[in-house]
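The values are calculated or read from the model by the stated rules, or taken from the named source; none is laboratory data. Note that this is a predicted model, so its numbers are computed, not measured. Cβ: placed from backbone, ideal geometry, glycine included. Neighbour counts: every protein chain shown. All accessible areas refer to the heavy atoms of the entire protein, side chains included, with ligands and DNA or RNA removed. Shrake-Rupley method; radii C 1.70, N 1.55, O 1.52, S 1.80 Å.
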Amino acid sequence: MDEARIWLEKVHALAFDRKVKIMNVCGGHERSITHAGLRGALPDWLELVPGPGCPVCVCPEEDVYQAIQLALQDRVILVAYGDMLRVPVNVKKGEIRSLAEAQAAGADVRPIASPLDARRIAAENPTRPVVFFAAGFETTTAPTAAMLAEGVPDNLSILLSGRLTWPAVAMLLDSGSPGFDALIAPGHVSTVMGPEEWNFVVQRHEIPAAVAGFGTASLLASFYSVLRQLESGERFLDNCYREVAHPDGNPTARRMMARAFDVVDANWRGIGVIARSGYALKPGLAQHDARVLFDDHTDPARWRAGEMPPGCDCAQVVLGKIYPNQCRIYGKACTPRKPVGPCMVSDEGACRIWWAGGVRVAADA
């Protein structure tokens, strides 16, 4: 009998006379859960709620707009992780609404897989400015810090849109109505920042929590751990990803990030400003800060700037308030082929994941 089946049987051996909601923060967890069909294998009383673990979904609309305008107006080589190219912004009909559309209109926009690609492209084009639109959570922001520590060409600058994961969860918990009974903390973030970063969930809010990996066995073990805590009344942070997520995380990565970035208040698309939830380049790196080197193209008169597009409930999905197929336009106006909101764009977006998992109609259909 394999390990996953053992943990699944342990979960089924538990009995609750009420609905229990577990939030899985990480988009990678949601992808593993959906593709493995775990929701259908778990007891009826257990619900798994997708959380705010999609950096593409929460990247501020004004940052995407700025990247588009840099590519169109300043004629830079704009490089970004592939998912960011299809994220739409709120503009008038007929205007360019994504980096992919800017690329189609002649802008030099290039998808990359790592910061090293950005450095290589800058080195290969020494006479042209190259802007790396660096959106992501701690796991992708750390390699950007490492690249800066190693040194980059003079013509490479960073449009940084990095976010920390835990402040969004803290905001939900501080709201008094988080909508979940237990938390599964992200494994990859914990490998960088350390599992203990999530102790506040247990210590401050007395909510069971566990760090999980991305395999079925690790996820099921984490579900069982937090359910046993609920059943017994115990509260502790369990690490179900010990082989990778070690105490204190990755000290070298954390040191590089502390040297390169300041932690600042930051805007989350459709959600608003969350205190000390973002990264900004330190003043000493101003020569590589695209926000310093280029004009701010954000037009304050743009309609609904910063919000989700009309009808899109992506922010509610990100906060775990509704399930993806409860969005008003899921599977109707919004599909992966023609995404309206960012949750349908990224492989870590819950709407895109559910669509790929076979959920093709809205809940009210």
Taking GLY357, is it under 30 Å from LEU38 (Cα atoms), out of contact with any Phe, Trp or Tyr (no Cβ under 6 Å at 6 or more places or on another chain) and surrounded by 17 or more Cβ atoms within 10 Å (Cβ to Cβ)?
yes
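Can you tell me which residue in region 88-106 is farthest from GLU62 (Cα to Cα), limited to those that are of a type in the set (A, V, I, L, M, F, W, C) and either part of a helix (DSSP H, G or I) or touching a strand residue (DSSP E or B) at 6+ places or on another chain (Cβ under 7 Å) (or both)?
ALA104
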Can you report the number of residues in region 249-274 which are open to solvent by 30 Å² or more (accessible area, probe 1.4 Å) and within 23 Å of GLY187 (Cα to Cα)?
8
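Has region 254-265 got any residue that is part of a helix (DSSP H, G or I), of a type in the set (Phe, Trp, Tyr) and under 22 Å from the mean Cα position of the chain (by Cα)? Break it down stepwise before answering.
Going through region 254-265, the residues part of a helix (DSSP H, G or I) turn out to be 254-260.
Right, trim to of a type in the set (Phe, Trp, Tyr) and you get none.
No, every residue in region 254-265 fails to be part of a helix (DSSP H, G or I), of a type in the set (Phe, Trp, Tyr) and under 22 Å from the mean Cα position of the chain (by Cα).
Consider LEU85 carefully, then state whether it is free of Cβ contacts under 8 Å to residues at least 40 places away in the same chain, outside any loop (DSSP other than H, G, I, E, B), crowded, with 20+ Cβ neighbours inside 10 Å and not polar (S, T, N, Q).
yes
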Can we say PRO115 is modelled with pLDDT under 95 and open to solvent by less than 50 Å² (accessible area, probe 1.4 Å)?
no
Residue count, region 193-208 (criterion: surrounded by fewer than 23 Cβ atoms within 10 Å (Cβ to Cβ) and either under 18 Å from the mean Cα position of the chain (by Cα) or more than 24 Å from GLU231 (Cβ to Cβ) (or both))
3
Sole residue being of a type in the set (Gly, Ala, Ser) and either more than 19 Å from the chain's Cα centre (by Cα) or under 16 Å from PRO153 (Cα atoms) (or both), chosen from ALA105, ALA135, ALA142, ALA113
ALA105
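Conditions tested, residue by residue: (1) at pLDDT below 95; (2) of a type in the set (Gly, Ala, Ser); (3) open to solvent by less than 20 Å² (accessible area, probe 1.4 Å).
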position: MET1; (1), (2), (3): yes, no, no
position: LEU8; (1), (2), (3): no, no, no
position: ALA41; (1), (2), (3): no, yes, no
position: GLU61; (1), (2), (3): yes, no, yes
position: GLN66; (1), (2), (3): no, no, yes
position: ALA80; (1), (2), (3): no, yes, yes
Given (1) open to solvent by less than 10 Å² (accessible area, probe 1.4 Å); (2) in contact with a helix residue (DSSP H, G or I) (Cβ under 6 Å, 6 or more places away or on another chain); (3) closer than 27 Å to GLY357 by Cβ, number of the condition ILE33 does not satisfy:
(2)
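Looking at the structure I just gave you, is ALA280 among the hydrophobic types (A, V, I, L, M, F, W, C), in contact with a strand residue (DSSP E or B) (Cβ under 7 Å, 6 or more places away or on another chain) and open to solvent by less than 10 Å² (accessible area, probe 1.4 Å)?
On the way: among the hydrophobic types (A, V, I, L, M, F, W, C): yes; in contact with a strand residue (DSSP E or B) (Cβ under 7 Å, 6 or more places away or on another chain): yes; open to solvent by less than 10 Å² (accessible area, probe 1.4 Å): no.
No: the conditions fail for ALA280.
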When you look at VAL25, is it within 30 Å of SER177 (Cα to Cα), under 20 Å from the mean Cα position of the chain (by Cα) and buried (at least 24 other Cβ atoms within 10 Å of the Cβ), yes or no?
yes
Within region 121-147, restricting to residues that are more than 30 Å from SER190 (Cβ to Cβ) and part of a helix (DSSP H, G or I), the one that is most open to solvent (accessible area, probe 1.4 Å) is GLU124
ARG228: passes all of (1) more than 30 Å from PRO283 (Cα to Cα); (2) out of contact with any Lys or Arg (no Cβ under 9 Å at 6 or more places or on another chain); (3) surrounded by fewer than 20 Cβ atoms within 10 Å (Cβ to Cβ) but (2)
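Against the condition open to solvent by less than 10 Å² (accessible area, probe 1.4 Å) and either of a type in the set (Ser, Thr, Tyr) or at pLDDT 95 or above (or both), how does VAL169 come out, does it pass?
So VAL169 passes the test.
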Somewhere in region 172-182, is a residue in contact (Cβ under 8 Å) with a residue 40 or more places away in the chain and within 17 Å of the chain's Cα centre (by Cα)?
yes
